[in-house]
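Take a look at the structure set out below.
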Amino acid sequence: MDPGLGPLIEKLVRSYHEVGGINLAESANLPSKRTVGRICEELLQVLFPGYHDASPIAASQLELITLQRLSEVSLRLEGELCKALRTRSGEGCPETMSTTHCRAFLDRLPAVRAALASDVQAAFEGDPAASGADEVILAYPFLEAVAIQRCAHVLYQQNVPLLPRVMTEWAHARTGMDIHPGAVIGDHFFIDHGTGVVIGETAVIGSHVKLYQGVSLTARSLAGGQQLRGQRRHPTVEDHVTIYAGTTIMGADTVIGAGSTIGANVFLTQSVPANSLVYYEETQLRILPKKSRDPAAGADAPTVVRG
Amino acid sequence: MDPGLGPLIEKLVRSYHEVGGINLAESANLPSKRTVGRICEELLQVLFPGYHDASPIAASQLELITLQRLSEVSLRLEGELCKALRTRSGEGCPETMSTTHCRAFLDRLPAVRAALASDVQAAFEGDPAASGADEVILAYPFLEAVAIQRCAHVLYQQNVPLLPRVMTEWAHARTGMDIHPGAVIGDHFFIDHGTGVVIGETAVIGSHVKLYQGVSLTARSLAGGQQLRGQRRHPTVEDHVTIYAGTTIMGADTVIGAGSTIGANVFLTQSVPANSLVYYEETQLRILPKKSRDPAAGADAPTVVRG
Amino acid sequence: MDPGLGPLIEKLVRSYHEVGGINLAESANLPSKRTVGRICEELLQVLFPGYHDASPIAASQLELITLQRLSEVSLRLEGELCKALRTRSGEGCPETMSTTHCRAFLDRLPAVRAALASDVQAAFEGDPAASGADEVILAYPFLEAVAIQRCAHVLYQQNVPLLPRVMTEWAHARTGMDIHPGAVIGDHFFIDHGTGVVIGETAVIGSHVKLYQGVSLTARSLAGGQQLRGQRRHPTVEDHVTIYAGTTIMGADTVIGAGSTIGANVFLTQSVPANSLVYYEETQLRILPKKSRDPAAGADAPTVVRG
């Protein structure tokens, strides 16, 4: 040990006690991000056997492997459920409670799988670049993000604290898509490319909805944000809506009517009726000749020729 | 084993058979995402020796290490090529076929390296924040994304199914840049920051092109998407073009003329001639005083003071 | 060994020597991305004990664990500092120099912790979806990105080459937020969701600033970029400003006055006074009925009904 580190350690330990931000075994004992990440990986293996593994599954081993995986998920998930449930103020976690939550969760997996199968179908039908369902499951990151969100949503509906958000954040880190576990999402859901997509806690999305990268279904930012906790804050997107890249749709009262198409980079804070087409008028786009005619001169900043 | 899991396992196994989404050893036996990820890491080590390793390379060991790495890449890649080629309907994979594909791929690595060296040069010259080529190779994520895309593009040109997309998706997960292996990309290519960039399958990009984060070269979304498979769907960007953050350029017929600069957050669905400057007219931007004058009152949503 | 690989290896080795892009032990011996990544993980563990570990910390072990971690960070960081300092032209790295830099860095950790505690507070107060400080530390990726940036900024101020950028790029890959170590960032800083955020090297951000995903504080791209090295290139954002998703603010002279709110998807290249509200006029938004009335017909591209 470097004896010179003494005063620094003293300062840090004081900071832990005074400023907080420390997870002590004796108190909260929060869910472990690492363990939750492992649970998420195992759930993807249960949902799509052979796609997230080092090797494919032999047909004769299918039941046995499914049993082993469910047992492992079950063991780990009960442990994390217990920690998460205990963080709720004044609530203990009798073992039966985490077992009950875990079992109710697992029983929903076949329904989650059915919804995901419709998502795979929507992606294949909607994207000419997709060669088949296999490619969608192997190489479309939205499927990981939506699979974990559909699982986390089950726990969110069971009113489990913290754990669902740690799950969707695991998927966010891997895919760039931040889909809150509270969001209600219909079947045949497809997000193409997906990086930068944000779907807020109280958003409601119909069936056959297609989003592109960078779409946000978001809330207004208001002073005293915590007063809005539990209220509806995010928009509704009805069935068969397509929203192009980079568009932000904001507000609890904003409803995008069924069958509508919203163009790219729109900032929409109002409702639109069914079958609408929404975009910024192109006459507002300025296309001017640059002063310099030499392409090799490199790019000028847009303001150079203004005014 | 928890005997209560029996009915759930039965349901899941039935779902595997009925709904699909399972990779069985007896049938397709798809490429393994994990193995492909390892191949990508090894390719980066071959392309930039000493930058992606725990320790730098001793000059006297350079040939030996290169030989070892190529042998390992070769072994793993042949295995995955074999699996990928077999997925094509009615086609087997004689060992010689994967060997031939693998060898043709490896022979292109020096040319890929030369293109990447021009990309490093473009990044250094284009970004005042870069201290030198070393910093670009160490810390600019676009170089990983473009290196893997340039490799995957070789396999795409060889008409290898699935594998190229799993490679670029590996890079997408690491960098947030989704560059389809089909895209044709010229030399001296630079993407600054890069998160959220999407470049579609049939995009064509000239030389000395500079993109910023969130730029999309994308296709129109049409009903019956699979009917467009194989057709040109994405734009052309000619030489010496700069496109700022968040801009979406859409459509097969859209050509951005050489030497043009496109501003941020533009949604462009038409061609522009060479040396154009494109942006939204600033007079459309509204800058209003807020009702509240107290900065500490926090942010109001934009609609609050409208109307 | 496959004897056929000989000519390829010869070509690659020639490319290493001629084209460059190789990190040799005998010359530069750059910082290792892997080791820097490990240092970043350990720093997060020191800053928020128990949140990034497999298990929580026992109160009685707190001092001992802090000591062990600081000793490990110290050992690894001195090694990487030595390599980074040696890359500066004509400068050796006497052991005392890296020890001095390392110690000066560690001594700033309590101050970094205090700033991060204010960021946690800002996130909790600003986001109705947050259940408490624990959720912010466990599941809000901006905190990782800002924690690493605040650490890297200390080394940047010490004029350490390369290392700070490798650190922030490690965080960029994990979170999608690219915050340059040079940026000056005030307290109570909150980035919600955060994917695609870019903050440039010379940006200056006040206190109580809130950014959403996809916000860029960026520089103009000019021919001969390297001539601008060291100059101010990025905007200033004063206290209590909120900037919505996808907005790009550009230029060294651009100042966003205190208390202002900037709407989503704005491209702003001019200053705005304090307490401004900035957005694109909504009358420019076109909301039209689609030709097709059948929602099941799928999405048409926006241009279909124009003209």
Which distances in nm, rounded to one decimal and ordered from shortest, link the label point of A:V184 to the equivalent label points in the other identical copies, with labels set 7 Å from Cα toward Cβ?
4.9, 4.9
State log₁₀ I(q)/I(0) for the protein assembly as shown at q = 0.07 Å⁻¹ as given by the Debye formula over alpha-carbon point scatterers of equal weight, solvent excluded.
-0.54
Backbone N under 15 Å from the B:R103 label point (7 Å along Cα→Cβ), restricted to the stretch B:40-78:
B:71, B:74-75, B:78
Taking 2.2 N^0.38 Å as the expected size of a compact globular protein, what ratio does the Cα radius of gyration of the stretch C:228-267 give against it, to two decimals?
1.23
Cα-centre dipole for the stretch B:11-178 with unit charges at Cβ (Lys and Arg positive, Asp and Glu negative), debye to 20
700 debye
Compute the relative contact order of the stretch A:11-178 as a whole-number percentage, counting only Cα pairs closer than 8 Å that sit 6 or more residues apart in sequence.
24 percent
Along Cα→Cβ, 7 Å out, is where each label goes; now give me the distance between the ones at B:E63 and C:Q61 in nm to one decimal.
5.2 nm
Take the Cα coordinates of the stretch C:11-178, assign each an equal point scatterer, and use the Debye formula without solvent to give log10 I(q)/I(0) at q = 0.10 Å⁻¹.
-0.44
For B:I185, list long-range residues whose amide hydrogen, built 1.01 Å from N in the peptide plane, is under 5 Å from its own amide hydrogen.
B:I205
Nearest 10 degrees is fine. How inclined is helix A:141-157 to the longest principal axis of chain A, computing both from alpha carbons?
50 degrees
Taking the Cα centre of the stretch A:133-241 as the origin and placing charges on Cβ (Lys, Arg +1; Asp, Glu -1), which of A:G206, A:C151, A:P235 is farthest toward the positive end of the dipole?
A:P235
at B:Q157 the sorted inter-copy label distances (label 7 Å from Cα on Cβ side), in nanometres, are 5.1, 5.1
Using the Cα atoms of the stretch B:65-162 to build a convex hull, what is its mean projected area in square nanometres?
7.1 nm²
What's the center-to-center distance, using Cα atoms, between the stretch C:194-266 and the stretch C:122-140 in Å?
24 Å
Only helical DSSP H runs with n ≥ 4 go in: add -39500 (n - 2.57) per run for chain C, normalise by residue count and round the 222 nm mean residue ellipticity to 500 deg cm²/dmol.
-13000 deg cm²/dmol
Can you flag which of A:K210/B:K11; A:K33/A:K210; A:K33/B:K33; A:K33/B:K11 are past 25 Å Cα-Cα?
A:K210/B:K11; A:K33/A:K210; A:K33/B:K11
Using 7 Å Cα-to-Cβ label points, what is the B:R232/C:L75 separation (nm, one decimal)?
6.1 nm
Divide, for the stretch A:120-277, the radius of gyration over alpha carbons by 2.2 N^0.38 Å, where N is the residue count.
1.00
Where the only charges are on Cβ atoms (+1 Lys, Arg; -1 Asp, Glu), what is the dipole of the protein assembly as shown about its Cα centre, to the nearest 20 debye?
1220 debye
Residues of the stretch B:43-65 with backbone nitrogen within less than 15 Å of a virtual label 7 Å along the Cα-to-Cβ line of C:K11, please, listed as ranges.
B:47
Among B:L70, C:N23, B:G259, the residue whose Cα sits farthest towards the positive end of the charge dipole of the protein assembly as shown, when +1 is placed on the Cβ of each Lys and Arg and -1 on the Cβ of each Asp and Glu, is B:G259
Projected area averaged over orientations for chain C, convex hull of C-alpha atoms, nm²:
25.7 nm²
Total charge dipole magnitude, the stretch A:198-263, about the Cα centre, Cβ charges on Lys, Arg, Asp, Glu only, Debye to nearest 20
200 debye
Among C:Q45, C:T87, C:S60, which residue has its Cα positioned farthest towards the positive end of the charge dipole of the stretch C:42-87, with +1 placed on the Cβ of Lys and Arg, -1 on the Cβ of Asp and Glu, and the dipole taken about the Cα centre?
C:T87
Label distances, nm, C:T96 versus same residue in remaining copies, Cβ-directed 7 Å point:
7.1, 7.1
Limiting things to C-alpha atoms, what are the Rg and the maximum Cα-Cα separation (Dmax) for the stretch B:110-197, in angstroms?
12.7, 40
Please give me, ordered by residue number, the GluC sites (Glu not before Pro) of the stretch A:47-121 that lie in loop per DSSP and have at most 15 other Cβ atoms within 10 Å.
A:E91
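Bear in mind that the values in this text are calculations on the coordinates, not laboratory data. Keep in mind that what you see is a predicted model, and the values were worked out from it rather than measured. A quick note on method: Cβ atoms are made from the backbone with ideal geometry, for glycine too, and the neighbour counts reach across all protein chains shown.
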